[in-house]
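The values are calculated or read from the model by the stated rules, or taken from the named source; none is laboratory data. Computed from a prediction, not measured in an experiment: that's the story for all the values here. Cβ atoms come from the backbone with ideal geometry, glycine included; neighbour counts cover every protein chain shown.
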Amino acid sequence: MPYKDPKKQKQYMKEYFGRYYRKNRKWIITQVSVRNKKYKREKREYIINQLGGKCVECGYNKCIAALDVHDEDSSIKESHLSGKSWTFIKQYINNNRKKLKVLCCRCHRELHHEDMM
Ligand SMILES: [Zn+2]
(Lines give C-alpha, C1' and ligand atoms only; values in the text may rest on other atoms or scores of the structure.)
Protein backbone atom coordinates (compact mmCIF):
# COMPACT_ATOMS: atom_id res chain seq x y z
CA MET A 1 0.00 0.00 0.00
CA PRO A 2 1.38 3.41 -0.87
CA TYR A 3 -0.40 5.16 2.04
CA LYS A 4 -0.41 4.65 5.80
CA ASP A 5 -3.35 6.96 6.37
CA PRO A 6 -6.52 4.79 6.10
CA LYS A 7 -8.49 7.61 4.45
CA LYS A 8 -5.89 8.10 1.73
CA GLN A 9 -5.57 4.35 1.36
CA LYS A 10 -9.32 4.00 0.88
CA GLN A 11 -9.29 6.76 -1.70
CA TYR A 12 -6.39 5.09 -3.49
CA MET A 13 -8.15 1.72 -3.57
CA LYS A 14 -11.32 3.36 -4.88
CA GLU A 15 -9.42 4.97 -7.73
CA TYR A 16 -7.44 1.81 -8.36
CA PHE A 17 -10.54 -0.38 -8.70
CA GLY A 18 -12.29 2.34 -10.66
CA ARG A 19 -9.47 2.27 -13.20
CA TYR A 20 -9.42 -1.53 -13.14
CA TYR A 21 -13.18 -1.66 -13.70
CA ARG A 22 -13.14 0.83 -16.58
CA LYS A 23 -10.27 -1.04 -18.23
CA ASN A 24 -11.84 -4.51 -17.82
CA ARG A 25 -15.53 -3.64 -17.81
CA LYS A 26 -16.59 -6.03 -20.56
CA TRP A 27 -14.66 -8.94 -19.10
CA ILE A 28 -15.98 -8.32 -15.57
CA ILE A 29 -19.59 -8.17 -16.79
CA THR A 30 -19.16 -11.43 -18.72
CA GLN A 31 -17.60 -13.13 -15.70
CA VAL A 32 -20.40 -12.02 -13.39
CA SER A 33 -23.06 -13.19 -15.81
CA VAL A 34 -21.32 -16.57 -16.28
CA ARG A 35 -21.08 -16.97 -12.51
CA ASN A 36 -24.72 -16.00 -11.96
CA LYS A 37 -25.87 -18.49 -14.59
CA LYS A 38 -23.78 -21.20 -12.92
CA TYR A 39 -25.27 -20.41 -9.49
CA LYS A 40 -28.77 -20.41 -10.93
CA ARG A 41 -28.19 -23.79 -12.56
CA GLU A 42 -26.78 -25.22 -9.33
CA LYS A 43 -29.79 -23.97 -7.39
CA ARG A 44 -32.18 -25.34 -9.99
CA GLU A 45 -30.49 -28.76 -9.82
CA TYR A 46 -30.66 -28.65 -6.03
CA ILE A 47 -34.36 -27.75 -6.00
CA ILE A 48 -35.27 -30.47 -8.48
CA ASN A 49 -33.14 -33.10 -6.73
CA GLN A 50 -34.65 -32.19 -3.35
CA LEU A 51 -38.09 -32.78 -4.81
CA GLY A 52 -37.34 -36.21 -6.24
CA GLY A 53 -35.43 -35.38 -9.42
CA LYS A 54 -38.05 -36.72 -11.84
CA CYS A 55 -41.53 -36.05 -13.12
CA VAL A 56 -44.02 -37.32 -10.53
CA GLU A 57 -46.56 -38.10 -13.26
CA CYS A 58 -44.55 -40.04 -15.83
CA GLY A 59 -41.11 -40.53 -14.23
CA TYR A 60 -39.21 -38.56 -16.89
CA ASN A 61 -35.70 -37.62 -15.71
CA LYS A 62 -33.58 -37.53 -18.86
CA CYS A 63 -32.89 -33.80 -19.11
CA ILE A 64 -33.11 -31.28 -16.29
CA ALA A 65 -34.00 -28.52 -18.74
CA ALA A 66 -37.30 -30.28 -19.42
CA LEU A 67 -38.24 -30.49 -15.75
CA ASP A 68 -40.32 -27.83 -14.05
CA VAL A 69 -41.28 -27.29 -10.44
CA HIS A 70 -45.02 -26.97 -10.05
CA ASP A 71 -46.11 -24.92 -7.08
CA GLU A 72 -49.75 -25.34 -6.08
CA ASP A 73 -49.68 -21.85 -4.62
CA SER A 74 -47.93 -20.52 -7.68
CA SER A 75 -47.08 -17.42 -5.65
CA ILE A 76 -43.40 -18.04 -6.37
CA LYS A 77 -42.42 -19.62 -9.63
CA GLU A 78 -39.38 -21.86 -9.69
CA SER A 79 -37.66 -19.50 -12.10
CA HIS A 80 -37.89 -16.85 -9.37
CA LEU A 81 -36.97 -19.34 -6.68
CA SER A 82 -33.61 -20.12 -8.26
CA GLY A 83 -32.83 -16.40 -8.11
CA LYS A 84 -33.23 -16.38 -4.31
CA SER A 85 -30.58 -17.09 -1.69
CA TRP A 86 -29.64 -20.61 -0.64
CA THR A 87 -31.12 -20.02 2.82
CA PHE A 88 -34.43 -18.90 1.34
CA ILE A 89 -34.55 -21.85 -1.07
CA LYS A 90 -33.85 -24.42 1.67
CA GLN A 91 -36.45 -22.91 3.98
CA TYR A 92 -39.00 -22.60 1.21
CA ILE A 93 -38.56 -26.22 0.16
CA ASN A 94 -38.81 -27.42 3.77
CA ASN A 95 -41.94 -25.41 4.47
CA ASN A 96 -43.68 -26.08 1.17
CA ARG A 97 -42.57 -29.59 0.29
CA LYS A 98 -46.17 -30.82 0.02
CA LYS A 99 -47.16 -28.04 -2.35
CA LEU A 100 -44.17 -28.45 -4.66
CA LYS A 101 -43.75 -31.18 -7.23
CA VAL A 102 -41.45 -31.84 -10.15
CA LEU A 103 -43.18 -32.24 -13.49
CA CYS A 104 -41.77 -32.64 -16.97
CA CYS A 105 -42.70 -29.86 -19.37
CA ARG A 106 -45.40 -32.01 -21.02
CA CYS A 107 -47.12 -33.08 -17.81
CA HIS A 108 -46.82 -29.51 -16.51
CA ARG A 109 -48.48 -28.09 -19.58
CA GLU A 110 -51.21 -30.73 -19.51
CA LEU A 111 -51.93 -29.83 -15.89
CA HIS A 112 -52.28 -26.13 -16.61
CA HIS A 113 -54.29 -26.85 -19.73
CA GLU A 114 -56.86 -28.64 -17.54
CA ASP A 115 -56.92 -25.56 -15.29
CA MET A 116 -57.86 -23.39 -18.24
CA MET A 117 -60.64 -25.65 -19.50
ZN1 LIG B 1 -44.14 -36.07 -17.03
- Task: Could you check, for the stretch 32-46, whether at least one of its residues is loosely packed, with under 12 Cβ neighbours inside 10 Å and among the polar types (S, T, N, Q)?
- Result: yes
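For every residue, the table says whether it meets (1) within 13 Å of the chain's Cα centre (by Cα); (2) modelled with pLDDT under 90.
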residue	(1), (2)
Ala66	no, no
Asp71	no, yes
Ser75	no, yes
Glu78	yes, yes
Phe88	yes, no
Asn94	no, no
Leu100	no, no
Arg106	no, no
- Which pairs have Cβ atoms under 9 Å, sit 6 or more apart or on different chains, and link a residue in the stretch 97-111 that is within 8 Å of Cys55 (Cβ to Cβ) to one that is among the basic types (Lys, Arg) and near the ligand (Cβ under 9 Å from one of its atoms)? Val102/Lys54; Cys104/Lys54
- Members of the stretch 91-111 that are more than 13 Å from the ligand (Cβ to nearest atom) and surrounded by 14 or more Cβ atoms within 10 Å (Cβ to Cβ): Tyr92, Ile93, Asn96, Leu100
- Query: Taking the condition charged (D, E, K, R) and without any contact (Cβ under 8 Å) to a residue 12 or more places away in the chain, does Lys43 pass?
  - Reply: no
- Note on the structure: Checking Tyr21, Tyr16, Tyr60, Tyr46 in turn, the sole residue that is within 16 Å of the ligand (Cβ to nearest atom) and among the aromatic types (Phe, Trp, Tyr) turns out to be Tyr60
